[in-house]
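Notes to accompany the following structure.
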Amino acid sequence: MRTTVNRQPLRFSAAVAIACSLLLAGCASKERTSNTIFDFGPVAPAMQAAAAPKPAAIVVMDVTGPATLDTERMFYRLNYADAQQARTYANSRWSATPVSLVTQRIKARLAQSGMKVLSATDAATGVPILRIEIDDFVHAFASAGQSEGQIMLRASVFQEHRLVDQRSFHRNAPAPSQDAAGGVAALATGTDQVAADLLAWLASLDTQGK
């Protein structure tokens, strides 16, 4: 006896499987491209300096830091739960790496003061060099309803291969909201505060001393 196999259900099942696969792929693709991109926002106008900046010119090297800051991922810590675990926001990213964003912000703030800001590739014989290394840059939660942007860095000034001075700077800026956007606002504020601290410190240094 010949048995007839009905292939219609098989073709229908295969079509459904393919359609589901395409739908899932489309959803995954949409999820990958739905990230919110953040930066520090525009540089707010600064008050006109009463006196000429000191030093008049400085070479600002690119800021360095740990590998976690050489990526566009946004990190946060739940200090009230597990301070040793660094978490990342799933759908939020920086527009550039934090070390790059901090470099540009500090250069902009120094330039606002009237200081001539040079890069490592500029001909700058006799001009002091500023090197900065970030130790911490994170959105930290003290509780589920309270958080702040924490930035800690070390700055060193060299003159003709001589260390003039080195200092650590640390700022905690309250976050206006307990999410990625709040963390960005707090870290931008903290970076501006550190830049102001750097300016005051630089003005106190004797870069021409022997």
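The values are calculated or read from the model by the stated rules, or taken from the named source; none is laboratory data. If you're wondering where the values come from, they're calculated on a predicted model, not measured in any experiment. Cβ atoms come from the backbone with ideal geometry, glycine included; neighbour counts cover every protein chain shown. Accessible surface is based on the protein model in full, side chains and every heavy atom, while ligands, DNA and RNA are left aside. Shrake-Rupley method; radii C 1.70, N 1.55, O 1.52, S 1.80 Å.
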Within the bounds of region 4-27, is there any residue that is closer than 26 Å to Ser177 by Cβ and either surrounded by 10 or more Cβ atoms within 10 Å (Cβ to Cβ) or at pLDDT 95 or above (or both)?
no
Of these, Ala186, Ala173, Ala181, which one is part of a strand (DSSP E or B) and under 18 Å from the mean Cα position of the chain (by Cα)?
Ala173
So which of Thr103, Thr97 ends up being under 24 Å from Pro45 (Cβ atoms) and of a type in the set (Val, Ile, Thr)?
Thr103
Kindly provide the set of residues from region 193-210 that are farther than 15 Å from Ile129 by Cα and surrounded by 21 or more Cβ atoms within 10 Å (Cβ to Cβ), ordered by number.
Val194, Ala195
For the list (1) under 18 Å from Thr97 (Cα atoms); (2) open to solvent by 70 Å² or more (accessible area, probe 1.4 Å), I need the number of the one condition that Gly183 fails.
(2)
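Just checking: which of the strands (runs of 3 or more DSSP E) contained wholly in region 79-155 hold 3 or more residues that are in contact (Cβ under 8 Å) with a residue 24 or more places away in the chain and crowded, with 20+ Cβ neighbours inside 10 Å? Give the steps one after another, and end with the answer.
Values: elements: 87-94, 116-118, 129-143.
It comes to 129-143.
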